[in-house]
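What follows is one structure encoded as C-alpha cells, with my remarks underneath.
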Amino acid sequence: MRPSLRNLQAATRVIPRAKSISFIGLGQMGYRMAYNLFSKQHTANGGSEPLGFVVCDALPDSARAFCSEFSKQFPDAQISIANTPEEAAIFSSRIVTMLPSSPHVQSVYAGFIVPTLQKLHANTSANTICIDSTTLDVDIAREVATNVIKAGAQIIDAPVSGGVTGAQAGTLSFLVGGTQETFEASKPILSLMGQRIIYCGPSGAGLGAKICNNLILGVEQIVVAEAMLLGESLGLDPVILAAVINSSTGGCWSSSANNPVPSALPDKSPPCERDYEGGFATALMLKDMGLATDVAQQRQSPLPMAKAAKELYARIVEKRPELAKKDFSSVYLYLKDNRE
Ligand code: NAD
C-alpha cells in the first residue's frame, strides 16, 4: 500500500504530535541521518510508547524508498510520508530539515512550516522545535529563525561536518547556533545522528563555523590534487607520496581520507575508488565557497585563496558538468585533463 496522508492521519490518531518526528530532505545526507535517528529512537523506545516517524522529500520516490527500507527492518514502527512540509509540521513537534541550500530552506520554511505554525494553537507551536542541518547563508538562516520564533516555535541551525560516511555511521559533528535552551532540548535528537554536538553561539553561529571550516576544506582539496599531480609528473609513486604527506606537515583530511588519486590510500576507500561517486558533490562545494566569499565580502574579511578556489570549482561545474555531482576531489581529474 502506498503510504499517504490518509496513512499519516491514521497513524497520528494514535501518535500524539509530541511523540512524532519529521525529517524533510532525504538526499545523500538526510536519508542516512533520518535512518539513524529513527532506527535508534525506535530501538531505544522498545515499543514502550507510541512514536511516529514522518519523512518528506520533493522526490516522492525517495520518501517511498525510505519507508519501504525502514518498514522492512522495523515492521512494528509507525512510519509515514508527508506529501508536503506543511503536513510534517502539522503532525510532528520535532522537524529536522536537510536541504540543498538557501532557496530550498526559504521555500520550505516561508512557504510551509511558518504558515502552519502560525495556524496551530499557541501551545502547540510553542512545543515545536525545528532543527535545520542544511548548509546555507548565515543571514538567510537568521531571517528564517526569526520568523519561526515569531510564529511561537524554536529553531536551531545545526549544520554538519563528517560527510556521507559520518552520516551513515552516525558520527557527524553538529555545529549549533540558537539559544542555549533550544540547544539543550535538541541534543537528544542530534546525539542519535552524531558524536560531537558543539554549541557555537546564537542563531547563525553554527553556520558561521561550518562555512569557515568548509572554506579550508575546499582550498585544501585543490592543493592536495596539485601536489599529487606534481608528484606524478616527478615520477613519484602516489602510494609513497600520499604516505609521506600523511605523516608530514602537509597531512590533512583531503589527503589522508579523501585523497583524489585512485589506489593512493591502500587501506581506505575514498570516493575516487568509486569513480568519485558517493561523496560531497563539487556543486555543493562550489555553493559553500560562494557562501564563504559572499559573507566575507559583506564583512570585508580577506579571502584570496577561497576566491581562487571558488573560481576553479565554478569552472569545473561549467566545463565538466558531469563532475558537478561527483565528489569534489574530482578536481584532480579536471586539473589532470586541463593542465592549467
Ligand atoms: P542532496 O542534494 O543529496 O539532498 C537534498 C534533498 O533535499 C534531496 O533529496 C531533495 O530532493 C530534497 N529537497 C530539495 N528541495 C526540497 C523541498 N522543497 N522539500 C523537500 N525536499 C526537498 O544534498 P546532500 O548531499 O544530502 O546535502 C544536504 C545539505 O548538507 C547541503 O546543504 C550540503 O551542503 C550539506 N552537507 C553535505 C555533505 C555531503 O557530504 N553530501 C556534508 C556536509 C554537509
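The values are calculated or read from the model by the stated rules, or taken from the named source; none is laboratory data. Just so it is clear, the model here is predicted, and its values are computed rather than measured. No Cβ is skipped: glycine too gets one built from the backbone with ideal geometry, and neighbour counts run over all protein chains shown.
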Criterion first (surrounded by fewer than 21 Cβ atoms within 10 Å (Cβ to Cβ), at pLDDT below 95 and within 12 Å of the ligand (Cβ to nearest atom)) does Gln28 satisfy it? yes
Restricting attention to the stretch 142-150, does a residue exist that is free of Cβ contacts under 8 Å to residues at least 24 places away in the same chain and within 13 Å of the ligand (Cβ to nearest atom)? no
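Residues are listed down the side, and each one gets a yes or a no for (1) surrounded by 18 or more Cβ atoms within 10 Å (Cβ to Cβ); (2) on the phi > 0 side of the Ramachandran plot; (3) within 16 Å of the ligand (Cβ to nearest atom):
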{"position": "Pro103", "(1), (2), (3)": "no, no, yes"}
{"position": "Tyr109", "(1), (2), (3)": "yes, no, yes"}
{"position": "Phe112", "(1), (2), (3)": "yes, no, yes"}
{"position": "Asn123", "(1), (2), (3)": "no, no, no"}
{"position": "Asn127", "(1), (2), (3)": "no, no, no"}
{"position": "Ile131", "(1), (2), (3)": "yes, no, yes"}
{"position": "Asp137", "(1), (2), (3)": "yes, no, yes"}
Residues located in the stretch 47-73, provided they are assigned to a loop (DSSP other than H, G, I, E, B) and at pLDDT 95 or above: Asp57, Ala58, Leu59
Any residue in the stretch 17-43 that is more than 22 Å from Gly278 (Cα to Cα) sitting within a Cβ distance under 7 Å of a residue that is near the ligand (Cβ under 7 Å from one of its atoms) and not in a helix (DSSP H, G or I)? List the pairs, counting only those 6 or more apart or interchain. Ser22/Cys56
Subset of the stretch 167-192 (residues that are among the small types (Gly, Ala, Ser) and within 16 Å of the ligand (Cβ to nearest atom)): Ala167, Ala169, Gly170, Ser173, Gly177
Might you check whether a residue that is buried (at least 21 other Cβ atoms within 10 Å of the Cβ) and in a helix (DSSP H, G or I) occurs anywhere in the stretch 74-85? yes
Number of the exception - Ala264 against (1) touching a residue at least 24 places away in the same chain (Cβ under 8 Å); (2) aliphatic (A, V, I, L, M); (3) assigned to a loop (DSSP other than H, G, I, E, B); (4) surrounded by fewer than 19 Cβ atoms within 10 Å (Cβ to Cβ): (4)
Would you mind stating whether Ser161 is touching a residue at least 40 places away in the same chain (Cβ under 8 Å) and in contact with a Ser or Thr (Cβ under 6 Å, 6 or more places away or on another chain)? yes
Please verify whether Ile156 is in the same structural domain as Gly194 (by TED's automatic domain parsing), surrounded by fewer than 24 Cβ atoms within 10 Å (Cβ to Cβ) and closer than 23 Å to Leu192 by Cα, treating the condition exactly as stated. no
Take the residues in the stretch 280-322 that are assigned to a loop (DSSP other than H, G, I, E, B) and within 25 Å of Ala141 (Cα to Cα); name whichever of them is nearest to the ligand (Cβ to nearest atom). Phe280
Are any residues in the stretch 206-248 more than 16 Å from the ligand (Cβ to nearest atom) and either under 16 Å from the mean Cα position of the chain (by Cα) or buried (at least 19 other Cβ atoms within 10 Å of the Cβ) (or both), and if so, which ones? Val219, Ile222, Val224, Ala225, Met228, Gly231, Leu241, Ala242, Ile245
May I ask you to list the residues in the stretch 126-175 that are among the hydroxyl-bearing types (Ser, Thr, Tyr) and more than 19 Å from Ser20 (Cβ to Cβ)? Thr134, Thr135, Thr146, Ser161, Thr165, Thr171, Ser173
